[in-house]
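K.L.:
Structure in structure tokens, see below.
Since every read-out is calculated from the coordinates, none of them should be taken as a lab result. These numbers were taken from a predicted model, which means no experiment stands behind them. Here the Cβ positions follow ideal geometry from the backbone for every residue, glycine too, while neighbour counts run over all protein chains shown.
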Amino acid sequence: MVTSKSHKFDDVREEVDRLNGEARTAERLMEGITPLLNRHMLKYNWVGFYMLEPGAVPPMLALGRYQGAMTPHTRIPLNQGICGAAASLGKTVVVDDVTKDTRYLACSLETKSEIVVPVFVRGQVVGELDIDSHFPGAFGSEDRALIEYCAQLVSKRLEKD
Ligand code: SME
């Protein structure tokens, strides 16, 4: 059966909803989202959460749940990387070609594009969902909507936990 591109997004969103129904905590939800996106979305080659370390001065993002190759960047200050930019701006950052973005911190030579979506609790950034792709320009509007949806579910769970 041929599955259209939009059906694929709908199917993954359903899987994410199912996971959200089953996961008892935000931590479990994040633990489930990373392999789900990595396995179902073929261009999402590294999927992980970075969370702000509580009380760290200066503020620091620490690597949380992830799926993909090990990264040397386990702690990222807010003035470094695409990750630091998304957290300090409080906005989604999409980079179609990482070689052209001077902020980029390399994790893997294979990475060509990246998206970072902030996770909020009551309007404050507390972390982010970071996805790297081996393909340039891998994150279109449907990808962005799906990834922002995942980050919002985590935000809602964190607000309840
Ligand atoms: N590329 C990120 C660093 C984290 S790795 O992608 C896992 C950045 O520029 O902030």
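K.L.:
Where the convex hull is taken over the Cα atoms of the range 38-77, what is its projected area averaged over directions, in nm²?
P.N.:
3.1 nm²
K.L.:
Which of the GluC sites (Glu not before Pro) found in the range 65-132 are loop residues per DSSP with 15 or fewer other Cβ atoms within 10 Å of their Cβ?
P.N.:
Glu110
K.L.:
Run the numbers on the chain and let me know its relative contact order in percent, using alpha-carbon pairs under 8 Å that are six or more apart.
P.N.:
22 percent
K.L.:
Which FRET efficiency value, to the nearest 0.05, do you get for Thr102 and His73 by plugging their Cβ-Cβ distance into 1/(1 + (r/R0)^6) with R0 = 22 Å?
P.N.:
Efficiency computed from Cβ-Cβ geometry: 0.85.
K.L.:
Mind listing the Cα extents of the range 35-125 along all three principal axes, in Å, largest one first?
P.N.:
So the extents along the principal axes, rounded to whole Å, are 35, 29, 23.
K.L.:
Also, I was wondering about something else. Summing +1 for each Lys or Arg and -1 for each Asp or Glu, what net charge is found among the other residues whose Cβ lies under 15 Å from the Cβ of Pro136?
P.N.:
-4
K.L.:
How do Val94, Val117 rank when sorted from fewest to most other Cβ atoms within 10 Å of their own Cβ?
P.N.:
Going from least to most buried by this count: Val94, Val117.
K.L.:
What does the convex hull of the Cα atoms of the chain come to per residue, in Å³, rounded to a whole number?
P.N.:
Convex hull volume per residue, Cα atoms: 107 Å³.
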